[in-house]
Amino acid sequence: MGPAEHGTRAAEPRAPRVAAFFDVDNTIIRGASAYHLARELHRRGFFGLRDILFFARHSTMYLVLGEDPAR
């Protein structure tokens, strides 16, 4: 007999939990959060080392030079 015949449901795969955080006023992360996001995506295999270096450079420039519409 299957689960439906016993009145129970078969185990369904669970959807992954997803969250989004928007730190527009620097209350969670000081400065640009792109590097931190890229670092985690690199850990999960979405970005390579070259991408991480790109984000690290831009994050450093943001911290040193501040906001600039051209960047």
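Read-outs: derived from the displayed coordinates by stated rules, not from any lab. Bear in mind the structure is a predicted one, so any value in this text is a computation, not a measurement. Cβ: placed from backbone, ideal geometry, glycine included. Neighbour counts: every protein chain shown.
Which cross-chain or sequence-distant (5 or more) residues have an amide H under 5 Å from the amide H of Phe47, H modelled 1.01 Å from N in plane?
HN-HN under 5 Å from Phe47: His42.
What distance in nm separates the two pseudo spin-label positions at Glu12 and Ile52, each 7 Å out from Cα along the beta-carbon direction?
For Glu12 paired with Ile52, the spin-label model returns 3.8 nm.
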